[in-house]
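I have placed the structure first, in the form of structure tokens, so that the comments after it can refer back to it.
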Amino acid sequence: MGDVLRRVEVTQLPHPFPSKNWRCVGLDSVRGCVLGAAKEEVEIAGRYPGGSFSWVVLLSQCRRWLTHWLPVIVWMTLIFMASSDSESGPRGSRILAPLIRWVAPGLSATEVDAIVFFVRKVAHFWEYGVLAVLLLRALSAGQAGRWQWRTVGWALLGTAAYAASDEFHQAFVPTRVASITDVVIDTSGGAAALAVWWGVRRVMRWR
């Protein structure tokens, strides 16, 4: 295995990750170049002499990037689409209000509206909680499963920034309004989800 790696030379790659130094020559630098690639991927090097191995590494890294970041992009797109729907509020009320009246027929219209409002805010809370966890997963790629608080901070900051941009976007959608309170709720949801994820990791480690 070591002999295979020593024979591999990977020249400068046209790589989409500019923070990485992709001039890799020799055993140690090739190990750094593949960035934790699976053993079978490293063994492929023996079948690709010289710089042709660069494309194997490139495709592997593109696949890893998509695996971690595509869920984030998809979830952000779903949030954006929901925020662009000017009828989402009335539609949600038409669905939730009859259900609440069926469960608790004695409630007044004001109480039903308050419950609908609360349910919508809880949905926002956990909607951004999912986003925070997805961001943490993507940003933690290459950290060998280690929990790093700096990465957690970046994930939470990204969640807050997207929440703020979403509220700004809603200011231009009919029937929707921008709200600082919603940004706080969304960011709190992200923080709560990250805390839950940290707790789950701790429990799993003790087992």
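Just a few scattered comments:
- Working from Cα pairs under 8 Å separated by at least six residues, relative contact order for the range 85-206 is 32 percent.
- Additional length obtainable on full extension of the chain from R201 to W126, 0.36 nm per residue less Cα span: 25.1 nm
- Note on T67/H169: beta-carbon distance plugged into 1/(1 + (r/R0)^6) with R0 of 22 Å gives a FRET efficiency of 0.20.
Laboratory data are not the source of any read-out in this text; all were calculated from the coordinates shown. All figures in this text were calculated on a predicted structure; none of them were measured in a lab. With ideal geometry, Cβ positions are generated from the backbone for all residues, glycine too; neighbour counts draw on all protein chains shown.
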